[in-house]
Amino acid sequence: MSLLAAFEAKLAELKDHCAAKYPLPALRIGDKTAGLPIVQGGMGVGISLSNLAASVAREGGIGVIAANAIGMIEDDYYDDPTAANVRALRREVREARRKSEGLIGVNIMVAVDCFHQLLDAAIEEKVDFLFLGAGLPIKGIPVRAIRESGVKVAPIVSSARAARLIFKSWEKHYGDLPDAVVVEGPRAGGHLGFKPEQIDRPEFQLERIVPEVIEALGEFEARWNRTFPVIAAGGIYSGEDIHRFLALGAQGVQLGTRFVATTECDADIRFKQAYLSCREEDIVIVQSPVGLPGRAIRGPFLAAIARGEKKLFRCPSRCLESCEAGKARYCISEALDSARKGDFENGFVFCGANAHLVRAIVPVRELVAGLKQGYALACFAGALRAEYAKAAEKLKALKEEYAVTLACVRTKVQDNLRRLAEEKEAWFREERARLRERLKQIVAEYAEARARLSELDAELVFFLSRAASLNAG
Ligand SMILES: Cc1cc2nc3c(=O)[nH]c(=O)nc-3n(C[C@H](O)[C@H](O)[C@H](O)COP(=O)(O)O)c2cc1C
């Protein structure tokens, strides 16, 4: 086996080990549980229909059909847009149900003119979830019908303030609360809930607003003894990103851009290929005629608009309340519908800030497998990092203890030496005194001995002289 093959085999083994050890957690919203914490973001004007939604649901995520201008896929849209929208929505929901037993949601923009008709149709179809964005879903929400049909509701917000407002309003008017919240940051695709100047500011980034929304919902969780999962959206691209947002407290993530680049996405292949071929500098913020900024890929249509051209369009109903159709230089729904069909002379492509990272169009199953693997590797890396930090902490503590112990030993040695020196000095002094004393004694004894010697000397002289006189006699 070559070195590279051995390395790849080891890597695959590690990935399998990680995937088994760190599976993506399930997402519970009320009494509904998705096997994966992944919501496929609703993408209007025919980008996310039954095919994409069912494919995501089959993998354990939440598949979402976008109801906004869905009627444009019908032949009679311009005769009766509301009827076409409602018919197309019902058909796509049924089709998704036929193709999958998983969880299916519907995304409806609050600001569309037929919001209530779409809402009623989705409730009657007993979809699993309603994702309600582009406005505050507070007025005329048929909460009782929603509950009777077992539908769960998740408003889409861009700030803690909006989340609090919706929850307070539901509490007051309906004596009930939504079931979850999608928090969409400024790196998302499509229309954005931010002013253009807010898009790059740190305080509006998803990493900042997710914890703020979680905190805002805490008050309601405590009062209602319920949990309201937060689902983070906008710029989430990899399994590592999913890991990061779950670690921040989100219980799920919503992805749009990644699901466009799938075989099953309902848009024309040229729409998907636009993601593959775009560079980061091709992704721009446009001011949509509906008064909101949106993120899109530069192309001939936007270039023409920038030159001041006005595109002819038909406006059968003012489909978005905030649209100033009279002044608009193009119709956003028509432009998005053209792009969906791969016509970039008459439309442009909405995308998220990370669309330039897309390298291939893959089946949903493969995308999900990659996300699971990326998440598992991030968990593994996180666990390693935590272990490393623990070991580093221990090392630091040991180093400190070593330094303290060393200092202690040094002081002790010095103390001992000093004490030893002190003890020796005393002994020396005593010894010296003792010796001095002895010397004195010796001197005294010496003097005594000398005195005795002289005495003996005198006695000897006397004796000798007496002996001499005796001998002479
Ligand atoms: C082509 C496109 C169309 C979209 N249309 C809608 C829409 O109709 N309603 C909506 O609430 N969000 C819409 N979005 C936002 C997505 O649902 C999702 O929240 C967002 O794209 C997440 O960011 P990401 O693309 O970086 O993953 C759209 C996004 C894209 C890319």
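Residues of the range 48-68 include none that is at positive phi, buried (at least 23 other Cβ atoms within 10 Å of the Cβ), touching a helix residue (DSSP H, G or I) at 6+ places or on another chain (Cβ under 9 Å) and modelled with pLDDT under 95.
Whenever a residue of the range 118-135 is at pLDDT below 95 and of a type outside the set (S, T, N, Q), its partners that are part of a loop (DSSP other than H, G, I, E, B) and within 11 Å of the ligand (Cβ to nearest atom), lying with C-beta atoms within less than 6 angstrom and at least six residues away or across chains, give the pairs ALA134/VAL110; ALA134/ALA111; GLY135/VAL110; GLY135/ALA111. Answer yes or no: is there a residue in the range 297-320 that is hydrophobic (A, V, I, L, M, F, W, C), in a loop (DSSP other than H, G, I, E, B), more than 35 Å from the chain's Cα centre (by Cα) and within 15 Å of the ligand (Cβ to nearest atom). The answer is yes; a qualifying residue exists. Of these, ILE65, ILE47, ILE38, which one is farther than 19 Å from LEU132 by Cβ and either within 15 Å of the ligand (Cβ to nearest atom) or within 26 Å of the chain's Cα centre (by Cα) (or both)? After applying the criteria, what remains is ILE38.
Can you work out which of the residues in the range 351-360 that are in a loop (DSSP other than H, G, I, E, B) and among the small types (Gly, Ala, Ser) is nearest to the ligand (Cβ to nearest atom)? The residue in question is GLY352.
Condition test on ILE283, is it within 11 Å of the ligand (Cβ to nearest atom), under 23 Å from SER48 (Cα atoms) and free of Cβ contacts under 8 Å to residues at least 40 places away in the same chain? Judged against the criteria, ILE283 is not a match. Annotation note: Cβ proximity below 9 Å between a residue of the range 148-172 that is within 26 Å of GLU207 (Cα to Cα) and touching a residue at least 40 places away in the same chain (Cβ under 8 Å) and a residue that is within 16 Å of the ligand (Cβ to nearest atom) and of a type in the set (D, E, K, R) (sequence gap 6+ or interchain) occurs for ILE156/GLU184; VAL157/GLU184; SER158/GLU184. With respect to (1) in contact with a Gly (Cβ under 9 Å, 6 or more places away or on another chain); (2) within 16 Å of the ligand (Cβ to nearest atom); (3) hydrophobic (A, V, I, L, M, F, W, C), the lone exception for LEU118 is condition (1). The condition (being within 16 Å of the ligand (Cβ to nearest atom) and over 15 Å from GLU219 (Cβ atoms)) is satisfied by just one residue among ALA163, ALA145, ALA154: ALA154. Taken residue by residue, the range 375-386 has no member that is assigned to a helix (DSSP H, G or I) and over 24 Å from the mean Cα position of the chain (by Cα). The single condition from (1) within 20 Å of PRO137 (Cβ to Cβ); (2) surrounded by fewer than 19 Cβ atoms within 10 Å (Cβ to Cβ); (3) under 16 Å from the mean Cα position of the chain (by Cα) that ALA188 fails is (2). For the residues ALA96, ALA84, ALA88, the requirement of being aliphatic (A, V, I, L, M), over 27 Å from ILE38 (Cα atoms) and in a helix (DSSP H, G or I) singles out ALA84. In the range 191-212, which residue that is part of a loop (DSSP other than H, G, I, E, B) and within 14 Å of the ligand (Cβ to nearest atom) is surrounded by the most Cβ atoms within 10 Å (Cβ to Cβ)? Among residues in the range 191-212 that are part of a loop (DSSP other than H, G, I, E, B) and within 14 Å of the ligand (Cβ to nearest atom), the one surrounded by the most Cβ atoms within 10 Å (Cβ to Cβ) is LEU192.
Can you pull out the residues in the range 328-350 that are part of a loop (DSSP other than H, G, I, E, B) and in contact (Cβ under 8 Å) with a residue 24 or more places away in the chain? Correct list: ALA328, ARG329, TYR330, CYS331, LYS341, GLY342, PHE344, GLU345, ASN346, GLY347, PHE348.
Every condition in (1) surrounded by 12 or more Cβ atoms within 10 Å (Cβ to Cβ); (2) at pLDDT below 85 holds for LYS310 except the one numbered (1). For the range 247-263, filtered to residues that are surrounded by 20 or more Cβ atoms within 10 Å (Cβ to Cβ) and under 10 Å from the mean Cα position of the chain (by Cα), the residue that is farthest from ALA353 (Cα to Cα) is ALA250. Considering only residues that are in a helix (DSSP H, G or I) and among the hydrophobic types (A, V, I, L, M, F, W, C), look in the range 17-47 and name the one that is surrounded by the fewest Cβ atoms within 10 Å (Cβ to Cβ). The extreme case among them is ALA20.
Is there any pair linking a residue in the range 248-261 that is within 20 Å of ARG208 (Cβ to Cβ) to one that is of a type in the set (D, E, K, R) and within 6 Å of the ligand (Cβ to nearest atom), with Cβ under 9 Å and at least six apart or on different chains, and which? Every condition considered, the pairs that remain are GLN254/GLU184. Of all residues in the range 224-271, those that are part of a strand (DSSP E or B) and either hydroxyl-bearing (Ser, Thr, Tyr) or more than 14 Å from the ligand (Cβ to nearest atom) (or both) total 1.
The values are calculated or read from the model by the stated rules, or taken from the named source; none is laboratory data. This structure is a prediction, so every number in the text was calculated from the model and none was measured. Here Cβ is always computed from backbone atoms with ideal geometry, including for glycine, and neighbour counts include all displayed protein chains.
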